[in-house]
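What follows is a single structure, written as structure tokens, with notes after it.
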Ligand SMILES: Nc1nc2c(c(=O)[nH]1)N[C@H]1C(S)=C(S)[C@@H](COP(=O)(O)O)O[C@H]1N2
Ligand SMILES: [Mo]
């Protein structure tokens, strides 16, 4: 997980900024997730936007429909498992989802939903950074199955557990709710530059309830 590198958006080229404290560069691209790798079945697959939408309606796209949405390239590492030097992601900016399916005014967070019930909660502001992507490609190639094919979230500025692989849904939330790892002892916010790894480090306001 790592950092923003020099690239298309506002990344820094200063090497000291590239790797957050306690992180190291690793060779290759390790695979890291809980549970099996799902098989992509295009005829059953969709991406759903649900929860507190502005008009109260849900919206869904097939994979073919998704390819018609605007795409951008973002150069960024992943901060938990990897520190490879050439992660170039290509996909749909998260902001495009918000433009196409406006959230209700009360929305403060989103839940990213993936296959097999994996989930990761994000503050709306973390979801709407220009570098947060619904990625379909990595270094010019479609994602491999292990890395999230056909679609994964990439939140470059947070620890990797926020970057849900095999993404299937975005739920708009009007209050914060913990996702899969956030319920299992990981930090609700997950900023690697602040080393927000574990929920016991949470302070007032970092999570939906007092950390214990
Ligand atoms: N669906 C799903 N996505 C997931 C996970 C998971 O267990 N399930 N693990 C996360 C964690 S902890 C990390 S570090 C990154 C690793 O991504 P990679 O395997 O592509 O390197 O995926 C994240 N996305
Ligand atoms: Mo991770």
Any idea which residue in the stretch 181-191 is nearest to residue 115 (Cα to Cα), counting only those that are under 18 Å from the mean Cα position of the chain (by Cα) and in a loop (DSSP other than H, G, I, E, B)?
181
Every residue from the stretch 141-163 that is within 8 Å of ligand 1 (Cβ to nearest atom) and surrounded by fewer than 18 Cβ atoms within 10 Å (Cβ to Cβ):
146
Could you please find all residues in the stretch 31-71 being more than 16 Å from ligand 2 (Cβ to nearest atom), buried (at least 17 other Cβ atoms within 10 Å of the Cβ), touching a residue at least 40 places away in the same chain (Cβ under 8 Å) and under 22 Å from residue 138 (Cβ atoms)?
38, 45, 47, 66, 71
Could you tell me which of the residues 91, 60 is more than 24 Å from residue 190 (Cβ to Cβ) and in a strand (DSSP E or B)?
60
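Residue by residue, here is whether (1) at pLDDT 95 or above; (2) surrounded by 18 or more Cβ atoms within 10 Å (Cβ to Cβ); (3) assigned to a loop (DSSP other than H, G, I, E, B); (4) touching a helix residue (DSSP H, G or I) at 6+ places or on another chain (Cβ under 6 Å) holds:
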site	(1), (2), (3), (4)
165	yes, yes, yes, no
172	yes, yes, no, no
179	yes, yes, yes, no
193	no, no, no, no
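Just one of 205, 185 is in contact with a helix residue (DSSP H, G or I) (Cβ under 9 Å, 6 or more places away or on another chain), surrounded by fewer than 19 Cβ atoms within 10 Å (Cβ to Cβ) and free of Cβ contacts under 8 Å to residues at least 40 places away in the same chain; which is it?
On the way: 205 fails: in contact with a helix residue (DSSP H, G or I) (Cβ under 9 Å, 6 or more places away or on another chain).
Exactly one residue qualifies, and that residue is 185.
The values are calculated or read from the model by the stated rules, or taken from the named source; none is laboratory data. Source: prediction; values computed, not measured. Glycine gets a Cβ as well: all are built from the backbone with ideal geometry, and neighbour counts include every protein chain shown.
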